[in-house]
Every structure is written in structure tokens, then in C-alpha cells.
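Below you'll find the structure, written out as C-alpha cells, and then a few comments.
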Amino acid sequence: MPNKLLIKDAVLALPSGPSRCDLLCDGHRIVAIGRNLEADGAAQFNANGLTVGPGFVDVHVHGGGGHTFFSTDPREVTAYAAWAPRNGVTSFLVSTVGPNADETEQILSSLEPAVGVHSPAAEVLGFHLEGPFLNPDRCGAFHPDMLREPVREEFLRYQEAARGHIRQVTFAPELPGAESLVAAIVGSGAVAAIGHTDATFEEAQAAFDAGARHVTHLFNAMRPLHQREGGVIAAALLREDATCELVCDGVHVAPEVLRLAYRALGPNRMVVVTDNLHLAGTADQAGRFAGMDVEAEGGVARRTDGTIVGGVATMDQHFRNAVKILGIDLPTAFRLTSTNPARVAGAAKRKGVIDRGYDADLVMLDSRLEVAATVCRGDIVYAADHGRRA
């Protein structure tokens, strides 16, 4: 028999506004929303004083809690999936790439069994391939030797190794072969994402026209905005059919620039991501990333030359930052951290929304917007106060 969970007296952060309701989960789905619900045999959770929203979806994350996705060991992914709910994350894409084609293929084929596993943990929705088709001049955290021009057949080889579970591919559209690559990405059912690029405005526009629909960590590792050449940034902000990732740790992108981007993107096109490394959520201050030494300091990880290489702030902190920096209400913040990324990951029909028939992926926040409990497909997988369970 499927498990039943009745969440009592919650304030649901719905697009229409906050609503005090009960919520019934049967198995891994939400089956009822209303007042004074009853359900025989259901476990109960007292959500009085808590705000409940759809669980966070992170489409750009390289690890956390000491676990890395630059590995052929699927236990790294499953361990991260068990750790992530304490930060409100209920599903994510595995962002990874290898130092060469053979090792990238091996990583994808080795980690693929973790995709879609129904366990009491955050769900792996697939892969985000960040590289190798990036511009070495905008390599960011990646060693230039890892990067090369796009080859359609190479991507298809990766997608086969991942059994079709690559959901997002970051590429530089100015590189030779990019147009053919976009066609292959889109044809495989994945999202083509512009990033790590020195593309001009016209080159970015051509990529969007060819089918690209997403931008990886807007502003970071790309040609900066200039008054005589807008580059990817101007093209992305003006392109109404494209979503854009923003890292909201307050360091990757300055608060005033985040506000400016949100003014242009609005609540439907901004996607909050962590870009976290394995150092996130740990006491460790140093490690390795993409074959190079990194150190965590001031809320981000940096190479020894000072280059920012990724985040260490957890997703719940990004949520709080979005509310404070952007001046938005909680339902809107959940759109940026749950609804919009679920759409990017190809899971919008079952994730990112609180509604009947959707996966029972939920995060409960206290008055300080800290995670009080997380539900993954109907299972309470994290609770700060175990006394709330009936």
C-alpha cells in the first residue's frame, strides 16, 4: 500500500497568494488540498507556523556536502541526493564533464543508474553537460585543455552513454560546429544553453534563432556588457523565449546587477542556481575542482589566481537572498527556485508546482525562511523538529 501523508495547517505559497490549507499526499503525488482534510491511516505532520512551497530544483550543481559529481562512482550522487533535502532541494541535474571524451562518456554511463531512482531522497532528473564545448577564453573554472570545438557526433555519443538523460548542454555559440550541435541537442530533447562564451550579440541571436533557449550563469564566464556591443547578456535579456540562470550568493553577481537582471527577465524567465561544488555545506575550505586547487572563502570557491570557480552557499540561502535582494514575495521566489528550473529540466508536468497530481515535493520554511522540513515524493526525508510528526 502506498504511504499517505497529511500535512496539517500549512500556509501554502501559491501563485495566487498565501493560503492556509491542509495537503494530502498519497504515494508520491499530491491528491488533495483543502481545509480540515482527514485521511485514514495517513501519517500527519503539523505545519502550523510554516510556509510550504514546491521543493527547490537545482539545474546547475556540481555537488555538495562533501560529494562531487566529477566521479564515476554513483554513490557520490546518491549521497548528495540524501544530503540535499536539508537545504530544501527535492530534485536536481547532475552537472558534470570529464577531462576528455572517453572519461566524460564513462562518467555519464556510470552515474546514469542514479537518474530517476525512487528513494527517500532528492530525485536525479538527469544531467547538465557543462562542457567540453566551451570557449577557452571564457573557461572559468575549467582547464582550457578540457575544452574543444563542438562536434555533433561527440555529443550524440554522450547522450547515448547517458541513455538520453542529458537534459541541458552548455556551449559557446561562436565556436565552429555550434549550429550543428544545437540541432543535435534540441533533437535529443535537451535544452541548449549558452555559456562560457565570448559570443557577440549577433552570434548569440543566431544561436537563439537556431534553438538555444537557456543561458548558463548569466554574467559569469561570458563577454561583458558593453555600450557598443551587448554580447550574450543583451541578447539574453531581450530574448523573451529564453530563460537565464543567476547565481544568487551575492558574490557571483552583485546585488544591484541581480536586481537589474530581474527587472528585465521578470518572474517567468529567471532561474536561480547554486553552481555548488562539493565544498558546499561543509567545514572544508580547500579541495580540487576540474583538476585544479580551489579554496572556499567569502561565500564562494576560487582558484589560487582568484578566479571564482563555483558556489558554496546552499539553495535555501539562495532563496533567502532572492527574497531580500530582489524584494519579491515568497510565491515569486518559489517560481525562481522551483517552477522555472523544473521547466528547464523538462519536469514541468510533475515538478515545481503545488497542485493535485504533481509530485509531492515540498519544502517547509519557518519564519526566518530556514528549512524546517522537506518532503520528497511523499516522504518526509528531513525534519528539523521531529516532534511535529504525529
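Residue-level check: of (1) at pLDDT below 90; (2) touching an Asp or Glu at 6+ places or on another chain (Cβ under 7 Å); (3) outside any strand (DSSP E or B); (4) of a type outside the set (A, V, I, L, M), R302 misses just (3).
The set of residues in segment 51-89 that are within 17 Å of the chain's Cα centre (by Cα), of a type in the set (A, V, I, L, M, F, W, C), farther than 25 Å from P99 by Cβ and part of a strand (DSSP E or B) comprises F56, V57, V89.
Of a type outside the set (S, T, Y), buried (at least 24 other Cβ atoms within 10 Å of the Cβ) and closer than 19 Å to V151 by Cα: does that describe G211?
Details: of a type outside the set (S, T, Y): yes; buried (at least 24 other Cβ atoms within 10 Å of the Cβ): no; closer than 19 Å to V151 by Cα: yes.
So G211 does not fit the description; no.
Does A141 count as within 29 Å of G352 (Cβ to Cβ) and in contact with a strand residue (DSSP E or B) (Cβ under 6 Å, 6 or more places away or on another chain)? Taking the combined requirement at face value, the residue satisfies it. Being within 19 Å of F127 (Cα to Cα) and over 14 Å from the mean Cα position of the chain (by Cα) is a property that does not hold for R377.
Looking only at residues of segment 48-68 that are in contact with a helix residue (DSSP H, G or I) (Cβ under 9 Å, 6 or more places away or on another chain) and surrounded by fewer than 24 Cβ atoms within 10 Å (Cβ to Cβ), we find that the one that is farthest from S119 (Cα to Cα) is N48. Test V323 against the stated conditions and say whether it is in the same structural domain as F219 (by TED's automatic domain parsing), assigned to a strand (DSSP E or B) and in contact (Cβ under 8 Å) with a residue 24 or more places away in the chain. Judged against the criteria, V323 is not a match.
What number of residues within segment 232-245 satisfy the criterion of being crowded, with 24+ Cβ neighbours inside 10 Å and out of contact with any strand residue (DSSP E or B) (no Cβ under 6 Å at 6 or more places or on another chain)? Give the steps one after another, and end with the answer.
First pass over segment 232-245, keeping only residues crowded, with 24+ Cβ neighbours inside 10 Å: 232, 235-236, 244-245.
Filter once more, so that each one left must be out of contact with any strand residue (DSSP E or B) (no Cβ under 6 Å at 6 or more places or on another chain): 235.
Of the residues in that region, 1 qualify.
The values are calculated or read from the model by the stated rules, or taken from the named source; none is laboratory data. Everything quoted here is computed from the prediction, not taken from an experiment. Every residue, glycine among them, receives a Cβ derived from its backbone with ideal geometry; neighbour counts consider all protein chains shown.
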